[in-house]
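Q: Take this structure first; my questions come after.
The values are calculated or read from the model by the stated rules, or taken from the named source; none is laboratory data. None of the values given here were measured: they were computed from a predicted structure. Cβ: placed from backbone, ideal geometry, glycine included. Neighbour counts: every protein chain shown.
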Amino acid sequence: MKVNPFIFGVLILVLFFGLIGGAKAAGIWSVSGKLTSTGEKALPTGKSVDEIKGWMTLGDVSTAYNVPLAEILAAFELPADTPATTQLKSLETETFSVSGLRTWLAQRLDQ
Amino acid sequence: MTTAIHAPSFGQVKPRRKGLAALLTHHTFRRLTQLGVFLFIAAIAIRHTLVGEGGSTITASWEAYCPMGGLETLYKYITSGGKYVAHVHLSNLVVLVATLAVSLVARNAFCGWLCPLGFIQEMVSRFSAFVQKRVPGVRGAVKTLKKRGAKLAVLDRYLRFLKYAVLVWSVGGAAAYGFMVFRDVDPWAALWGLLELSVSAGLVVLVIVLVASLFVERPWCRYACPLGAATGIVSKLSPFYLKRESDACKNCAICTKACPMGLPVHTATTIKSVDCVGCLECVDECPREGALELKLGVPVFGK
């Protein structure tokens, strides 16, 4: 059966954007690890250290894992006056890394 | 006095389109679609760069809309119960599903109608053709270069397999190492990385692709694109195909010259190549009624 190229083009657009639109409408969509599928800011839950990301703040981690901020700062020899709103990735130094924080936190939670 | 307008019969030369009719072609439709997708991604990338990542406003990165990211994270997503490799989100998987669905139904049409990197390559080739048409010196130089490089054309069919190796490496590498090994050499990532003054090996690949596009259409798609390799395989199951009617065709080879993927359309009867991007430029350019048409059916085989 012969097909008009215009119809072919419309089919492509309807199928592609229809599926994406459908997924969005169904809540199966997130364009950032910082956002939930409903568009709200994603926060650590405290269930697994793997969820800790560089964009999270010291305060986010401290609250979610119930670990005093001062203890985290001391463990990694960070200045005691470091604000809780500081993103983890901006603290990357020889003594601090996100993966290092995950390991330390996992060990501390196991104790 | 009345003028009767007769549609050309089978095999006759199609009447030349004039005025608005010349503009209202599927070619214009395709170009507008490609441009729209490119501008959307550009707007996303610019906004993300301007807003930055440190503030309270969270913006999407252009990477969140790339189906290749979905392909690279697929292994980790399945084996880890829903986790992604870095820089990939749920949106990548959704766009991947949409891309594969388009390929399954409408051949490799994602590449021909929606992929912005394919669009950029086509624009560079059009620019090259534009300059060659108007500057005899450039035309002559390109002609000489192509003549000298004609012997290399034999490599074309072998080089086309390279993209499958890139596919295995990029998806296998992400599965083995847990991060996107392809990202550093990805020309698309390199293009938007420039907004953040980030330079990677992908920038070298991007420059090679753009320079090559001056001489060969869609070089990245033909030889190296891992996403096109994957969608091409899926597209084999599509019910759409191109049919050349030898009774109407005069073997002028205009269709072959129009094909951005360099497929020998004028020597085939049924075109179902994994490299066909469904752009339908060949159908648009074919001067004879009924000689080359898009068909819906169930052909399993074809060039």
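Q: Out of the residues in segment B:50-80 meeting the condition of being in a helix (DSSP H, G or I) and over 23 Å from the mean Cα position of the chain (by Cα), tell me which one is modelled with the lowest pLDDT.
A: If we take residues in segment B:50-80 being in a helix (DSSP H, G or I) and over 23 Å from the mean Cα position of the chain (by Cα), then B:VAL51 is modelled with the lowest pLDDT.
Q: Sticking with this one: May I ask you to list the residues in segment B:227-247 that are in a strand (DSSP E or B) and more than 23 Å from B:VAL13 (Cβ to Cβ)?
A: B:PHE240, B:TYR241
Q: Hey, another quick one. Among the residues of segment A:48-82, which ones are charged (D, E, K, R) and farther than 30 Å from B:PRO67 by Cα?
A: Those that are charged (D, E, K, R) and farther than 30 Å from B:PRO67 by Cα: A:ASP60, A:GLU71, A:GLU77, A:ASP81.
Q: Conditions: (1) modelled with pLDDT of 90 or more; (2) surrounded by fewer than 13 Cβ atoms within 10 Å (Cβ to Cβ). B:PRO136 meets all but one. Number of the miss?
A: (1)
Q: Taking segment B:43-58 as the region of interest, how many residues are free of Cβ contacts under 8 Å to residues at least 40 places away in the same chain and either buried (at least 19 other Cβ atoms within 10 Å of the Cβ) or away from every other protein chain (no Cβ under 13 Å) (or both)?
A: Matching residues across segment B:43-58 total 4.
Q: Could you tell me whether any residue of segment B:248-262 is within 19 Å of A:ILE12 (Cα to Cα), modelled with pLDDT under 95 and not in a loop (DSSP other than H, G, I, E, B)?
A: Among the residues of segment B:248-262, not one is within 19 Å of A:ILE12 (Cα to Cα), modelled with pLDDT under 95 and not in a loop (DSSP other than H, G, I, E, B), which makes the answer no.
Q: Return only the number of the condition from (1) under 30 Å from B:LYS295 (Cβ atoms); (2) within 8 Å of chain B (Cβ to nearest Cβ) that A:ILE7 does not satisfy.
A: It fails just one condition, (2).
Q: When segment A:15-39 is examined, which residues are found to be within 10 Å of another protein chain (Cβ to nearest Cβ) and over 22 Å from B:THR73 (Cα atoms)?
A: A:LEU15, A:GLY18
Q: Now for a different question. Being exposed (fewer than 15 other Cβ atoms within 10 Å of the Cβ) and more than 24 Å from B:VAL154 (Cα to Cα) narrows it down to one of B:VAL204, B:VAL283, so name that one.
A: After applying the criteria, what remains is B:VAL204.
Q: Turning to a different aspect of this structure: How many residues, within segment A:1-32, are under 30 Å from A:GLN87 (Cβ atoms), touching a helix residue (DSSP H, G or I) at 6+ places or on another chain (Cβ under 9 Å) and in a loop (DSSP other than H, G, I, E, B)?
A: Residues in segment A:1-32 being under 30 Å from A:GLN87 (Cβ atoms), touching a helix residue (DSSP H, G or I) at 6+ places or on another chain (Cβ under 9 Å) and in a loop (DSSP other than H, G, I, E, B): 5 in total.
Q: Still on this structure: With the condition being of a type in the set (Val, Ile, Thr) and within 22 Å of B:SER235 (Cβ to Cβ), I'd like the helices (runs of 4 or more DSSP H) fully within segment B:109-202 carrying at least 1 qualifying residues.
A: B:116-134, B:162-177
Q: Quick check, is A:ALA84 of a type outside the set (Ser, Thr, Tyr) and in a loop (DSSP other than H, G, I, E, B)?
A: Considered against the rule, which asks whether it is of a type outside the set (Ser, Thr, Tyr) and in a loop (DSSP other than H, G, I, E, B), A:ALA84 comes out as yes.
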